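Only one structure is covered here, and it is reproduced in the block below.
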């Protein structure tokens with residue numbers, strides 16, 4: 001409390017008792033307590049009116065809402081780093097030829113060949129076993 005310790009406070013009270021006297025000291029303490037309470041109330045009212053006029057409460061609330069929205073947005077984003085070209089990171093493996101062939105088969109099963117036949121250059125279908133006999 002203002003850097004005043006217990007010994008200093010006792011010294012101030014002893015001097016006040018000697019100067020003011022024991023009869024008037026309680027009245028002085030009561031009026032001092034009321035004045036401090038009134039001062040505290042006035043500062044709180046002033047602080048509250050300034051916050052209302054400036055809209056500080058609304059700004060704080062909107063800032064906290066924006067902060068929460070940003071956190072939710074960043075939590076939803078895939079946080080893997082991209083390479084310089086904007087592609088997947090270098091540690092991801094390129095697809096193997098088998099994976100590429102399987103992907104092509106899944107896209108267009110007519111191009112698969114085999115028993116159902118495969119397309120020739122002119123667009124006709126040839127059955128397996130037919131074709132160029134030498």
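The values are calculated or read from the model by the stated rules, or taken from the named source; none is laboratory data. Please read all numbers here as calculations on a predicted model, not as lab measurements. Cβ placement follows ideal geometry from the backbone for every residue including glycine, while neighbour counts extend to all protein chains displayed.
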Tabulated pairs, segment 1-14, first free of Cβ contacts under 8 Å to residues at least 12 places away in the same chain, second surrounded by 10 or more Cβ atoms within 10 Å (Cβ to Cβ) and part of a loop (DSSP other than H, G, I, E, B), C-beta under 9 angstrom, 6+ apart or interchain: 12/4
Residue list for segment 6-39, filter: loosely packed, with under 10 Cβ neighbours inside 10 Å and part of a loop (DSSP other than H, G, I, E, B): 22, 23
Single residue of 96, 79 found to be at pLDDT 60 or above and loosely packed, with under 10 Cβ neighbours inside 10 Å: 96
